[in-house]
Amino acid sequence: MPEMYSPELNTRIAQWRAKAQDGTITLAEMKEAIIAVRQGRINAAQTAKIKGAKAPQRPVDDLLGELGIT
């Protein structure tokens, strides 16, 4: 998994993936996963030294609304 995530978040991501694969993940867990991963990407983009790295342009609530998770 990407190094931008803490060991604790990496563990949570693995748990969410396992639950998604066996069909037991809840909507609340999906929302938590999306928010956590997106925040990690925003943080990585803000600290990246690579030219052109940008933070996502759309608020997470808009994306979750499109998925019907809000």
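The values are calculated or read from the model by the stated rules, or taken from the named source; none is laboratory data. All of these numbers come straight from a predicted model, not from anything done at the bench. For neighbour counting, all protein chains shown are included, and Cβ atoms are generated from backbone atoms with ideal geometry for every residue, glycine included.
Here Arg41 clears all of (1) at pLDDT 70 or above; (2) more than 22 Å from Asn10 (Cβ to Cβ); (3) among the basic types (Lys, Arg) except the condition numbered (2).
Residues in the stretch 18-27 that are exposed (fewer than 12 other Cβ atoms within 10 Å of the Cβ) and either over 15 Å from Leu67 (Cα atoms) or within 13 Å of the chain's Cα centre (by Cα) (or both): Ala18, Gln21, Asp22, Gly23, Thr24.
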